[in-house]
Amino acid sequence: MSRRISILGATGSVGTATLDLVGRAPEGEFEIVALTAHSNVKALAELAEKFRPEIAVIADNAKADELADALKGSGIETAAGPVALVEAASRPVDWTMAAIVGSAGLEPSAAALQAGSSLALANKECLVCAGEYFIDLARQRDALILPVDSEHNAIFQSIYPGQDKFIRKITLTASGGPFRDWPVEKMKSVTREDALAHPVWSMGDKISIDSATLMNKGLEVIEACRLFSLPPEQVDVVVHRQSVIHGLVEYIDGSVLAQLGSPDMRIPIASALSWPERIDTPAERLDLARIGQLDFEAPDKQRFPALRIAREALLAGEGATSALNAANEVAVAAFLERRIGFLDIPRLVSDCLEQLDADHALPQRFNGLEEALRVDRLARDRVRGQLASVSA
Ligand SMILES: NC(=O)C1=CN([C@@H]2O[C@H](COP(=O)(O)OP(=O)(O)OC[C@H]3O[C@@H](n4cnc5c(N)ncnc54)[C@H](OP(=O)(O)O)[C@@H]3O)[C@@H](O)[C@H]2O)C=CC1
Ligand SMILES: CC(=O)[C@@H](O)[C@H](O)COP(=O)(O)O
Ligand SMILES: [Mn+2]
């Protein structure tokens, strides 16, 4: 009996890694319902021709005709625009990979859960922006959220069934990013290319910049608190440059269980795709003797303020974490467009949060997705205003 699956963000780093695994599965194992992208029609059409989904959706309305032309005569339905994206994500499937980047993934990922699909959640922004909503929705729909973010998948694999109540703390590892050994003076003038050169993982642009500022780890602390229902003080971060250990769970008896693996996203994706079973992957196997040494150090809060800013937002509640994420997305995009410096990213985020907090615009907890999206828009407008004044 084949499993019906959809991949939201099919053309991205996680999306293509997911399809690599799907392509290695036995014939008939999976029936692909929807593949989606934002604007990369060529890549989406090529994937659609290869994997034969029911529907291929491009989120950018302006690309509707280009996609329809690219798949003309293929027998594959095409659609465009945010409404079509949510519709496609709502189609009844057993399993959905949520691999759209940013808060753009909120509505389609929620639609998949609403339709009762298991949600393989790579899109950490869903939980950063509206974590309580997603957790409640999964409970209401009796749907599973399977963490794909490598650290959270590691924690998920290390929690023995029924023993979550015995957890003393969890630890997320961080590679430290490309600037882990750089003096702050040198960090002032890093280029887009420097920041995208992640020392360990090959990822999409946005998360690569987040890893360089350590905002990724801040987002992951928020993601972990909401996913595993833990208070911030029970979620630790340690810089571990080899990124061999991805996450650790310390229990009240002193036992620490961890998940290790080579830095290949196909391992956590496979874990979510096959759970509660396991499947083979082409990921390189660990050779600890060759690796030789594993290093650990505390994150440097002076050079990397983003982790502290994220933890402060977490304590302030969902309004602050949604605004943090939105402000960060706008600032990262501005850096990638070479409009601001690298160290401006955390500063813009912090300034935006201070302003919105002063305006009492940030609720402690959202009543629904619409409220989260309203705060998202508010924060984006605020940072765009700051950027306009900087570049004026
Ligand atoms: N890459 C990794 O190793 C990891 C990623 N993650 C998380 O997974 C998610 C995806 O990351 P990653 O694969 O690196 O991202 P990529 O940038 O590589 O891919 C993003 C995907 O989302 C699509 N997309 C972008 N913007 C929109 C939009 N506005 N509406 C609809 N679709 C959109 C892109 O389409 P198009 O190609 O047309 O632009 C692409 O398919 C992120 O939330 C990230 O934090 C978590 C852990 C590891
Ligand atoms: C692969 C993955 O899960 C990424 O989130 C990765 O962890 C980013 O690297 P950092 O540990 O440097 O943030
Ligand atoms: Mn991660």
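Here are the numbers for this structure:
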{"read-out": "Size-normalised alpha-carbon gyration radius of the stretch 153-291, reference 2.2 N^0.38 Å", "value": "1.12"}
{"read-out": "Within the chain, longest stretch clear of exposed GluC sites (Glu not before Pro) (DSSP loop, no more than 16 other Cβ within 10 Å)", "value": "30-276"}
{"read-out": "Note, ³J(HN,Hα) from phi for the stretch 26-41, Karplus 6.51, -1.76, 1.60, rounded to Hz, x at Gly and Pro", "value": "x, 3, x, 5, 10, 10, 8, 8, 9, 10, 10, 8, 9, 9, 7, 4"}
{"read-out": "Karplus (6.51, -1.76, 1.60) ³J(HN,Hα), θ = phi - 60°, over the stretch 312-327, in Hz, Gly and Pro reported as x", "value": "5, 5, 4, 5, 7, x, 5, x, 5, 6, 5, 5, 4, 5, 5, 4"}
{"read-out": "Extension gain, LEU144 back to LYS72 (0.36 nm per residue minus Cα-Cα distance, nm)", "value": "22.3 nm"}
{"read-out": "Helix-derived mean residue ellipticity, 222 nm - over the chain, DSSP H n ≥ 4, -39500 (n - 2.57), to 500", "value": "-14000 deg cm²/dmol"}
{"read-out": "Additional length obtainable on full extension of the chain from ASP164 to ASP253, 0.36 nm per residue less Cα span", "value": "30.8 nm"}
{"read-out": "Amide proton proximity set for ARG3, modelled H, under 5 Å, gap of 5+", "value": "PHE30, GLU31"}
{"read-out": "Cut-off 15 Å between beta-carbons: net charge of the residues surrounding GLU370, Lys and Arg +1, Asp and Glu -1", "value": "-3"}
{"read-out": "Simple label model, 7 Å out from Cα along Cβ direction - GLU277 to GLU337, nm", "value": "4.8 nm"}
{"read-out": "Label-point separation, ALA316 to ASP20 (7 Å along Cα→Cβ), nm", "value": "3.9 nm"}
{"read-out": "Residue-wise HN-Hα coupling along the stretch 287-297, computed from phi with Karplus coefficients 6.51, -1.76, 1.60 (Hz; x: Gly, Pro)", "value": "10, 4, 5, 6, 5, x, 9, 10, 10, 9, 7"}
{"read-out": "Cα→Cβ-extended label distance, 7 Å offset, between GLU132 and ASP359, nm", "value": "2.2 nm"}
{"read-out": "Three principal axis lengths of the stretch 102-203 [C-alpha, angstrom, descending]", "value": "50, 34, 21"}
{"read-out": "Separation between Cα centres of the stretch 68-102 and the stretch 261-296, rounded to whole Å", "value": "30 Å"}
{"read-out": "Segment ARG303-SER39, extension gain: residue separation times 0.36 nm, minus the distance between their alpha carbons", "value": "91.5 nm"}
{"read-out": "Dimensionless Rg over Rh [the stretch 3-147; C-alpha; Kirkwood]", "value": "0.95"}
{"read-out": "FRET efficiency, GLU284 to SER2 (Cβ-Cβ, R0 30 Å, nearest 0.05)", "value": "0.55"}
{"read-out": "Nearby aspartates and glutamates by direct alpha-carbon distance to LYS188 (threshold 13 angstrom, same-chain neighbours under 8 apart not counted)", "value": "ASP344"}
{"read-out": "Cα centroid of the stretch 334-349 to Cα centroid of the stretch 133-172, whole Å", "value": "33 Å"}
{"read-out": "Cβ-derived FRET efficiency at R0 45 Å, GLU27 paired with LYS186, nearest 0.05", "value": "0.30"}
{"read-out": "Sequence of ASP149, ASP376, ASP295 once ranked by neighbouring C-beta atoms within 10 Å, starting from the fewest", "value": "ASP295, ASP376, ASP149"}
{"read-out": "Counted charge near GLY341, where neighbours are those whose Cβ lies closer than 13 Å (Asp, Glu -1; Lys, Arg +1)", "value": "+2"}
{"read-out": "Size descriptor, Kirkwood hydrodynamic radius, that averages inverse alpha-carbon separations across the chain, Å", "value": "21.4 Å"}
{"read-out": "Long-range amide H partners of VAL237 with built H, under 5 Å", "value": "LEU172"}
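Each value in this text was obtained by applying a stated rule to the coordinates, not by laboratory testing. Note that this is a predicted model, so its numbers are computed, not measured. As a convention, Cβ positions derive from the backbone with ideal geometry for all residues, glycine included, and neighbour counts pool all protein chains shown.
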